[in-house]
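Comments concern the structure below.
The values are calculated or read from the model by the stated rules, or taken from the named source; none is laboratory data. This one's a predicted model, so the numbers in the text were calculated from it and none came from an experiment. So basically every Cβ, Gly included, is an ideal-geometry build from the backbone, and we count neighbours across all protein chains shown.
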Amino acid sequence: MGQRAVAAGAAFVAVLATATAFYLVDQGYRVPTSAAPPVVPEVRQFDLYLHTFEFGDRQVHHWMPPTLVVNAGDTVILRVHNADPNSTHGFELGAFNIAIPSVPPGQTATVRFRATRPGVYHFGCALTGCGADHGSQIGQFVVLGNGRL
Ligand SMILES: [Cu+2]
């Protein structure tokens, strides 16, 4: 006995302590159940309307819906409807090089593209001078990347 037994005992205790530590760490770790599953690209179609209404002596335009959300990799088909009965407008989404120079009143134009980059982008009217609120005719195009921005 003697030193060999003490060394074997110490080694046993060390192995036991290490195993216990691994066990406790293992118990503390939970696979995140809220993790987003892999995103499979889809074809997403939207009808986007440019509406107009009167507010006092002002004419105000807005996009409906004001925000579009897709996943990175999705193919997006946008049907842009000009619901303003009096003025021609356009559509542009500069981040994806999309531009429809003009859509006459009551008309529809369609674009198709792939949303490749995650981020929050703005779209707007491509026809400068369409109205006093031209600069405010903006909406958001949100591209989610694998469950997060
Ligand atoms: Cu416009």
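Going by what's in this entry, would Gly135 be described as part of a loop (DSSP other than H, G, I, E, B), assigned by TED's automatic domain parsing to the domain that holds Pro65 and of a type in the set (Gly, Ala, Ser)?
Working: part of a loop (DSSP other than H, G, I, E, B): no; assigned by TED's automatic domain parsing to the domain that holds Pro65: yes; of a type in the set (Gly, Ala, Ser): yes.
For Gly135, the condition - part of a loop (DSSP other than H, G, I, E, B), assigned by TED's automatic domain parsing to the domain that holds Pro65 and of a type in the set (Gly, Ala, Ser) - is not met.
With respect to the numbered conditions (1) modelled with pLDDT of 90 or more; (2) more than 27 Å from the chain's Cα centre (by Cα); (3) of a type in the set (Ser, Thr, Tyr), which one is the sole condition not fulfilled by Thr20?
Condition (1) is where Thr20 drops out.
Read through the list (1) under 25 Å from the mean Cα position of the chain (by Cα); (2) assigned to a strand (DSSP E or B), then give the number of the only condition that Thr52 fails.
Here Thr52 clears every test but (1).
Are any residues in the stretch 69-92 more than 22 Å from Gly106 (Cβ to Cβ) and not in a loop (DSSP other than H, G, I, E, B), and if so, which ones? Reasoning before the result, please.
Step one: list which residues in the stretch 69-92 are more than 22 Å from Gly106 (Cβ to Cβ), which gives 69-76.
Within the stretch 69-92, Val69, Val70, Asn71, Thr75, Val76 qualify.
Within the stretch 94-137, track down each residue that is hydrophobic (A, V, I, L, M, F, W, C), surrounded by fewer than 14 Cβ atoms within 10 Å (Cβ to Cβ) and within 16 Å of the ligand (Cβ to nearest atom). Quick ask: steps written out before the conclusion?
Within the stretch 94-137, the first condition is being hydrophobic (A, V, I, L, M, F, W, C), and the residues that meet it are 95-96, 98-100, 103, 109, 111, 113, 115, 120, 123, 125-127, 130, 132.
So of that shortlist, the ones also surrounded by fewer than 14 Cβ atoms within 10 Å (Cβ to Cβ) come out as 99, 120, 132.
Within the stretch 94-137, Ala99, Ala132 qualify.
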